[in-house]
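Chemist: Below are the structure tokens for one structure; questions will follow.
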Amino acid sequence: MADDSIAVVDLDRCQPDRCSYECKNYCPPNRTGKECITLRGEDADEGQPEQIHISEEICLGETCGICVEKCPFDAIEIINLPKELQDDPAHRYGENAFSLYGLPAPQEGKVTGILGPNGIGKTTAVRILAGELEPNLGRHEESPGWDEVLEAYRGTELQDYIADVRDGEVTVARKPQYVDQIPNSFDGNTRELLERTDERDELDSLVSRLEIGPVMDQSIDDLSGGELQRVAIAATLARDTDFYFLDEVTPYLDIGQRVTAARLIRELAEDEDRSVLVVEHDLAILDLLADTLHVAYGEPGAYGVVTPPKSVRNGINEYLAGYLDNENMRIRPDPIEFEEHAPRASVRRDTLVEYPDLEKSYGDDEFSLEVEGGEIRQNEVLGIVGPNGIGKSTFAKLLTGNIEPDSVGGSADRADLDLDLEISYKPQYVTIDQHMRVDAFLSSITDQFGSSYWNTEIAGPLQLERIMEQNLSDLSGGERQRVAIAACLSDSADLYLLDEPSAHLDVEQRVQATSAIRRYAEQQDATVLVIDHDIYMIDLLADRLMVFDGEPAVHGRAGTPQPMRDGMNEFLANLEVTFRRDERTSRPRINKPDSQLDKQQKSDGEYYYAP
């Protein structure tokens, strides 16, 4: 194989008990007597068929590709690496396994960001920087050792840092990506968890600013996703370490909480002179948060490349454009574009359903919600925004009939809400309680499964092909989210209701999911309600906006749906946050509080779609 090619075998997908080794039997070098594709005899469980191994020295490379085509489980990839990739990998897990090229460079007193798709090696990079994984410089058969690794990085920004890692002088605090798994590893209440981490004597301040005081004495098992996220951030920032790694700080947080978290992280880096590395898919928050940015690209699960640091603005813009200037590398065929002003003028459509005034409370001293009556129009995407704990998911459950209102149309005597609609609902928290394969699950929902339209408009954009034969219980958080979106859109319904579909999706997946939802609404004359905190997703997706306000966890109020400009201005005015538009890409960027532009836009009443 050419030096710029690699072979990757996904051993989770390779199923020799269900095939006839077509890859091995049809391989051209094998048919001439060479041993290109062989069996992993030493790796096989006793009595089980052996999985395959590909010799990269003998393989003909991507120009052949016969084994890729013949494998019935899509377990093989033959990939031509970018010609511009001159260096050896920082680490490779083995022959036919994932390779990582390049490493991010943490800096004292700075927040370093990483932007890239899931499965591209960010976790591998962090394990190396934390000293948990010794990089092998691609020599997986015989690791070179830390001294040789240091020599390889001599003269780079990483030299001093790697020397400290080698000498065991780096301590690490890490916030996990999937906070909903925290209850599986900790049994106790919030206070007990956080007091274990209070090494900088900053816990009281963190609890106050992240507004988690009300849940301090609650069991971790009883916390919502947003509460778990804030607890995880507080627990990480309370530690006294050299290096902080935060993997996705925004899922389940509203925009106000996201801005607060970003400010706390920046203060830790600047005031305490700590090194902070953040992986984040919310571009507005990443823009506000980071000092420098590494772009990660490649083939998820096969190889990843981490670029040298870029300015945050240029890094995000190049990522959106799909072309990296310094690397002369195209990483995406089409750019991600944003409309400069309020999207899609409000078009008068026929009414799908009118809903009356609604009231719902959870006891005398608990949360209550008031919903002003309104209408949902046919073939529209209605965005729903507001702080956490303000009643958005409660409204969704009222519409679906999962819970009953206390009052309908102002009358407590009429407490039933019968909208006479078939509603397909994706809840906020995706739980898996079925032990079946993804393809079996989805095919049980729709008779369109596997059709040309379904493959092109749902499975394709949501990148489901490579997980179809996996069990639901084995999926990652992002994979579960994509399957749940597909399940919602695949069902036959009058109204499609998706609660926070962006959670745990990377930037590419969010754009693809947005496109799938939007195109489905347009092509199927479907009506869609989307609850989400990702401003970019709402900006790209919605025709109108429904704004919730009030006092979180105490009282919520939902106004009637309104045009996007009016809705965004009302929503962001409540949060006292303004956005500006990037001159090059028109993407929304958060203004610094009390900056001249922030003050001017607030004075003009234009919080988002500013001229």
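Chemist: Along the Cα→Cβ direction, 7 angstrom out, place labels at Ser444 and Arg166. What is the inter-label distance in nm?
Modeler: Roughly 5.5 nm, to one decimal.
Chemist: Same structure again: If I take R0 = 25 Å and measure r between the Cβ atoms of Thr456 and Gln378 in this structure, what FRET efficiency does the formula 1/(1 + (r/R0)^6) give, to the nearest 0.05?
Modeler: My answer for the efficiency is 0.55.
Chemist: With all protein chains present, how much of the accessible area of region 489-611 (probe radius 1.4 Å) comes from carbon and sulfur, to the nearest whole percent?
Modeler: Of all accessible area on region 489-611, carbon and sulfur atoms account for 41 percent.
Chemist: Treat each spin label as a single point 7 Å out from the Cα along the C-beta direction, and report the Arg584 to Asp334 distance in nm.
Modeler: According to this spin-label approximation, the distance is 2.2 nm.
Chemist: Same structure, new question: Under a cut-off of 24 Å between alpha-carbon atoms, report the lysines in cross-link reach of Lys602, not counting same-chain residues fewer than 8 places apart.
Modeler: Within the straight-line limit of under 24 Å, Lys602 reaches these lysines: Lys592.
Chemist: Considering only protein heavy atoms, what per residue accessible area in square angstrom results for region 5-80 with a 1.4 angstrom probe?
Modeler: Accessible area per residue: 56 Å².
Chemist: Write out the cysteines belonging to the chain for which the nearest other cysteine Cβ is not under 4.7 Å, or none if no such cysteine exists.
Modeler: Cys14, Cys19, Cys27, Cys36, Cys59, Cys64, Cys71, Cys488
Chemist: Please find the FRET efficiency linking Ser205 to Leu39, where r is the Cβ-Cβ separation and R0 is fixed at 56 Å, and quote it to the nearest 0.05.
Modeler: Working from the Cβ atoms, E equals 0.40.
Chemist: Right, another one. Taking 0.36 nm per residue of sequence separation and subtracting the Cα-Cα distance, how much length would be gained by fully extending the chain between Asp494 and Ile66, in nm to one decimal?
Modeler: Between Asp494 and Ile66, full extension yields 149.6 nm more.
Chemist: Turning to a different aspect of this structure: Using Cα positions and a limit of under 30 Å, work out the lysines in reach of Lys70, with same-chain residues fewer than 8 apart set aside.
Modeler: Lys24, Lys34, Lys83
Chemist: When the accessible area of region 121-211 is split by element with a 1.4 Å probe, what percent falls to carbon and sulfur?
Modeler: 37 percent
Chemist: Could you work out the helix-only [θ] at 222 nm for the chain, with each DSSP H run of four or more residues adding -39,500 (n - 2.57) and the total divided by the number of residues, to the nearest 500 deg cm²/dmol?
Modeler: -8000 deg cm²/dmol, from helical runs alone.
Chemist: In whole Hz, with x marking every Gly and Pro, tabulate ³J(HN,Hα) for region 583-598 from phi via Karplus 6.51 cos²θ - 1.76 cosθ + 1.60, θ = phi - 60°.
Modeler: Values, residue by residue: 5, 8, 10, 6, 6, x, 10, 6, 6, 5, x, 6, 6, 4, 5, 4 Hz.
Chemist: So if I average 1/r over every pair of distinct C-alpha atoms in region 351-564 and take the inverse, what Kirkwood radius in Å does that give?
Modeler: Its Kirkwood hydrodynamic radius stands at 17.8 Å.
Chemist: I would also like to ask the following. Determine ³J(HN,Hα), in whole Hz, for all residues of region 365-372 in sequence, where each value follows from phi through the Karplus function 6.51 cos²θ - 1.76 cosθ + 1.60 and θ = phi - 60°; x replaces Gly and Pro.
Modeler: Rounded to whole hertz, the list is 10, 10, 5, 9, 10, 10, 10, 7.
Chemist: Now a separate question. Cα-Cα over 18 Å: which of Lys122/Lys175; Lys360/Lys392; Lys310/Lys599?
Modeler: Lys310/Lys599
Chemist: Taking only protein heavy atoms and a 1.4 Å probe, what accessible area per residue, in Å², does region 369-409 have with all protein chains in place?
Modeler: 27 Å²
Chemist: May I ask you to evaluate 6.51 cos²θ - 1.76 cosθ + 1.60, the Karplus curve with θ = phi - 60°, for each residue of region 442-448 and list the ³J(HN,Hα) values in order in whole Hz, giving x for glycine and proline?
Modeler: Those phi angles translate into 5, 5, 6, 8, 9, 7, 8 Hz.
The values are calculated or read from the model by the stated rules, or taken from the named source; none is laboratory data. Just so it is clear, the model here is predicted, and its values are computed rather than measured. Glycine gets a Cβ as well: all are built from the backbone with ideal geometry, and neighbour counts include every protein chain shown. Remember, those area values only see protein heavy atoms, side chains included, never the ligands or the DNA or RNA. Shrake-Rupley method; radii C 1.70, N 1.55, O 1.52, S 1.80 Å.
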